[in-house]
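Colleague: One structure coming up, written as structure tokens, with questions to follow.
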Number of protein chains: 2
Amino acid sequence: MLHSDRFHAEKRLQAQALLAPGELWVIAARESKERPEPALKLLADVNVTWDSLFLLSRDDAAAIVGRFDADAVPDGWRVRPYDADLVGVLNEELNTFQPQRVLVNISETDPLCDGLTVGLYRRLQGWFAPHDLHSAEHLLGQLRSVKTPAEQQALREAVDVAEAHLEALRHALRTGWTAPDVVKFMHEQCAAVEGEPSWGWNSCPNVHIGPQARPSHALSADTQPLAPGMLLHIDYGVRLPHGYCSDIQRTYYLPRHGEGIPSEVQQAFGACWQAIEEGANTLRPGVPGWQVDAAARAKLVSLGYPEYQHALGHGLGRATHDGGTLLGPRWPRYGAAVEGQVRVGEVYTLELGSFVEGYGFVGLEEDVVVQENGLTWLSQRQNEVRLLAPR
Amino acid sequence: MLHSDRFHAEKRLQAQALLAPGELWVIAARESKERPEPALKLLADVNVTWDSLFLLSRDDAAAIVGRFDADAVPDGWRVRPYDADLVGVLNEELNTFQPQRVLVNISETDPLCDGLTVGLYRRLQGWFAPHDLHSAEHLLGQLRSVKTPAEQQALREAVDVAEAHLEALRHALRTGWTAPDVVKFMHEQCAAVEGEPSWGWNSCPNVHIGPQARPSHALSADTQPLAPGMLLHIDYGVRLPHGYCSDIQRTYYLPRHGEGIPSEVQQAFGACWQAIEEGANTLRPGVPGWQVDAAARAKLVSLGYPEYQHALGHGLGRATHDGGTLLGPRWPRYGAAVEGQVRVGEVYTLELGSFVEGYGFVGLEEDVVVQENGLTWLSQRQNEVRLLAPR
């Protein structure tokens, strides 16, 4: 397995290549164990305690940190420790960097590019005066979403492992299992690879059994036992020790005696599959995110199914929702996130689903990498509802 | 062990009692798995994905969250799910709450009261117009730092467990152990109680062996083996499954054959102990934080030792550095945090240390609760340098 230090150094170099001459990108953090700065987690594997400033230009990188945090700053950053006050050290560094334009992590639409808190921002305004502080969103969104080859490989590993866990589940599932039973089984799979569920032990995986279940980000406490004639839907991913994660949905059906897949289930699955296919065909470099969602959404509706109440897809990386361009509808709450253009090297999920009255939820989610002329599937597409063996 | 849900409900009620009539406290969060809002972690054990607003007044509590997060909101909050846009639901709630003054989590000095990011703040300004958004710092600082009886009990448990782990270490320690050996041993202790090191697996405990070691917040990779004539200093705490943690420093000495504790070590320890005693005697309700630090600092200096380069003490709770009033010097980087007045029910660390040339670091840290007429020690004070048995 690839070690995480390599990713951090690569991302720092990638960030520096994205900076224009005269630009200084400032990642500000404090008590980052309690209030992690997502950009800092991407560029340097370090927690800081006191007010800390990570300064990055095209050709230089410096970290102003409290004395006791100095040892934890990784290679590649010039460490500038301070004791009582960082202003003296910062002024020296501003003399060295001579910035023309200072960028900080502010974004109204992308939570992972919005790492700067208001109180710390106000301190920065004083420290950096007379410089104005501009948003680093354009830079950071691209840095997060465009994955290096090593990151793509790490994501592929996370997908492979999740698929193996889902296969193990399919073989282990028994009539009578409840959602908490499935959760327990998947958590054991995670622990066995020293990983963790992609969106946390207390909310991943999401499991839906039978016609009464409704999708939720919460860990299901539903005690409906799996019985013949029911769908089982699972949304699962694993974060491997290198820090990158996967996000996959699969749908299984437990048939009644002698039964195949009911036609309503078959049809709904087919519609979901085709809608994802339509989205995948639209996912090309240069296309704005909302168009990819619109293609899938229109297909699903044209086949007689209701619109899904979320985005078709999101970036995938260290975070399950990794920020950057969103493949989502032009709804107010998505704001500018869906206006970004798809880029080569980005990794997205493609996901949607639909209820089938009397059976349960059909949901599909695949993970893909955008290439020059199309995309590469990281996951092995689910092409049909998988039947569970009655036991 | 106390279950965490109880703490969250208690803290919500405590917060409501601190609110004035007409005040509305808004905790705003999104993608809180990646960017936790410390105030939300204190009041409700929930992760949210989309833009979410937790609204609290003296007599009402409502949570506006995305549809798929609704199931995860704990009891005690009226859940208001939304799909495409939260504005409609928010306006209904503003009609219900009729706030005269809106408070949000902004603080220049207290990182744990500075949970609101700049981009989300700008969205809030639009959503809440024409209301101005005021800082909730005074409220949140007090809420975090004044512990309920149940929280004090949970902290006492975390201290007791950490002390048991340190005793186990003292008996296990062997000549030749390095800092990483000590870290491994303490991590095993944590895992055995299903806890975690108070400031994380990759930075706690901090271990210093021998005269070359220098204090740092980083996990020591120092390979200096423990040998006779050396001090071993450890800064350690454990967070128990209920979420509350401890923070303790202890100092041990491995004597040379037939030797007792060298007089320089003895003297330095005595000076540190007296300085902490002076701080403890000053720690009374109503005293500003900096005065407590000043008393300890002056004592240490009067005994001929250099000033420690940090604060004498910090709040302790769910976070190791739990925010609120800081017992620190009036240095620029501590800002207003040291101006707060000590309150009954607050839990603080008292910590300082000094180098002893040729032997290593002497450091002490105790955990205390402020009472009406003094304080209660949660930790069993270390009153002398503990000798390690040569093995």
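Colleague: State which residue is surrounded by the most Cβ atoms within 10 Å (Cβ to Cβ) when the search covers only the stretch B:47-81 and only residues that are acidic (D, E) and at the interface with another protein chain (Cβ under 7 Å from one of its Cβ atoms).
Modeller: Of the residues in the stretch B:47-81, the ones acidic (D, E) are B:51, B:59-60, B:69, B:71, B:75.
Of the ones still in play, those that are also at the interface with another protein chain (Cβ under 7 Å from one of its Cβ atoms) are B:51, B:69, B:71.
Working: B:D51: 25, B:D69: 22, B:D71: 21.
Within the stretch B:47-81, the match that is surrounded by the most Cβ atoms within 10 Å (Cβ to Cβ) is B:D51.
Colleague: Another question, then. For the stretch B:26-43, which positions are free of Cβ contacts under 8 Å to residues at least 40 places away in the same chain, out of contact with any Phe, Trp or Tyr (no Cβ under 8 Å at 6 or more places or on another chain) and at the interface with another protein chain (Cβ under 8 Å from one of its Cβ atoms)? Don't jump to the end; show me each part of the working.
Modeller: Within the stretch B:26-43, the subset free of Cβ contacts under 8 Å to residues at least 40 places away in the same chain is B:31-34, B:36, B:43.
When the remaining residues are screened for being out of contact with any Phe, Trp or Tyr (no Cβ under 8 Å at 6 or more places or on another chain), the result is B:31-32, B:34, B:36.
Those that are free of Cβ contacts under 8 Å to residues at least 40 places away in the same chain, out of contact with any Phe, Trp or Tyr (no Cβ under 8 Å at 6 or more places or on another chain) and at the interface with another protein chain (Cβ under 8 Å from one of its Cβ atoms): B:E31, B:E34, B:P36.
Colleague: Restricting the stretch A:305-336 to residues that are under 15 Å from the mean Cα position of the chain (by Cα) and more than 11 Å from chain B (Cβ to nearest Cβ), which is farthest from A:E264 (Cα to Cα)?
Modeller: A:G324
Colleague: Tell me which residues, restricted to the stretch B:146-177, are of a type in the set (S, T, N, Q) and either over 12 Å from B:A15 (Cα atoms) or out of contact with any Lys or Arg (no Cβ under 8 Å at 6 or more places or on another chain) (or both).
Modeller: The answer is B:Q152, B:Q153, B:T175.
Colleague: Take the conditions within 20 Å of the chain's Cα centre (by Cα) and not aromatic (F, W, Y) and apply them to A:P211. Does it pass? Write out each step before concluding.
Modeller: On the way: within 20 Å of the chain's Cα centre (by Cα): no; not aromatic (F, W, Y): yes.
It is false that A:P211 is within 20 Å of the chain's Cα centre (by Cα) and not aromatic (F, W, Y).
Colleague: In the list A:L139, A:L120, A:L155, which residue meets the criterion of being facing chain B (nearest Cβ under 8 Å), in contact (Cβ under 8 Å) with a residue 12 or more places away in the chain and hydrophobic (A, V, I, L, M, F, W, C)?
Modeller: On the way: A:L139 fails: facing chain B (nearest Cβ under 8 Å); A:L155 fails: facing chain B (nearest Cβ under 8 Å).
One residue alone meets the criteria, A:L120.
Colleague: Right, next: What about A:V46, is it of a type outside the set (D, E, K, R), closer than 27 Å to B:R318 by Cα and without any contact (Cβ under 8 Å) to a residue 24 or more places away in the chain? Steps first, please.
Modeller: Values: of a type outside the set (D, E, K, R): yes; closer than 27 Å to B:R318 by Cα: yes; without any contact (Cβ under 8 Å) to a residue 24 or more places away in the chain: no.
No: the conditions fail for A:V46.
Colleague: Moving on to the next point. Which members of the stretch A:176-200 meet the condition of being small (G, A, S) and out of contact with any Cys (no Cβ under 8 Å at 6 or more places or on another chain)?
Modeller: Just the residues of the stretch A:176-200 that are small (G, A, S), to begin with: A:176, A:179, A:191-192, A:195, A:198, A:200.
The answer is A:G176, A:A179, A:A191, A:A192, A:G195, A:G200.
Colleague: Which of the residues spanning the stretch A:257-292 are assigned to a loop (DSSP other than H, G, I, E, B) and of a type outside the set (D, E)? Please lay out each step first, then the result.
Modeller: Residues of the stretch A:257-292 that are assigned to a loop (DSSP other than H, G, I, E, B), as a first pass: A:257-262, A:283-287.
Listed by number, the residues that qualify are A:H257, A:G258, A:G260, A:I261, A:P262, A:L283, A:R284, A:P285, A:G286, A:V287.
Colleague: Which one of B:A84, B:A17 is surrounded by fewer than 18 Cβ atoms within 10 Å (Cβ to Cβ) and assigned to a helix (DSSP H, G or I)? Give the derivation first.
Modeller: Working: B:A84 fails: assigned to a helix (DSSP H, G or I).
After applying the criteria, what remains is B:A17.
Colleague: When you scan the stretch B:263-277, how many residues do you find that are buried (at least 19 other Cβ atoms within 10 Å of the Cβ) and of a type outside the set (A, V, I, L, M, F, W, C)?
Modeller: Result for the stretch B:263-277: 0.
Matching residues to (1) away from every other protein chain (no Cβ under 14 Å); (2) small (G, A, S); (3) free of Cβ contacts under 8 Å to residues at least 12 places away in the same chain:
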| position | (1), (2), (3) |
| --- | --- |
| A:A191 | no, yes, yes |
| A:P197 | no, no, no |
| A:P205 | no, no, no |
| A:P211 | yes, no, no |
| A:S216 | no, yes, yes |
| A:S220 | no, yes, no |
| A:P225 | yes, no, no |
| A:H233 | no, no, no |
| A:R239 | no, no, no |
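Colleague: Filter the stretch B:214-241 down to residues that are of a type in the set (V, I, T) and over 15 Å from the mean Cα position of the chain (by Cα), then give me how many there are. Steps first, answer last, please.
Modeller: We begin by selecting, within the stretch B:214-241, every residue of a type in the set (V, I, T); these are B:223, B:234, B:238.
Within this subset, residues satisfying the condition of being over 15 Å from the mean Cα position of the chain (by Cα) are B:223, B:234.
Going through the stretch B:214-241 one residue at a time, the tally reaches 2.
Each value in this text was obtained by applying a stated rule to the coordinates, not by laboratory testing. Everything numeric in this text was worked out from a predicted model, so none of it was measured. Counting neighbours? That spans all protein chains shown, and the Cβs are built from the backbone with ideal geometry, glycine included.
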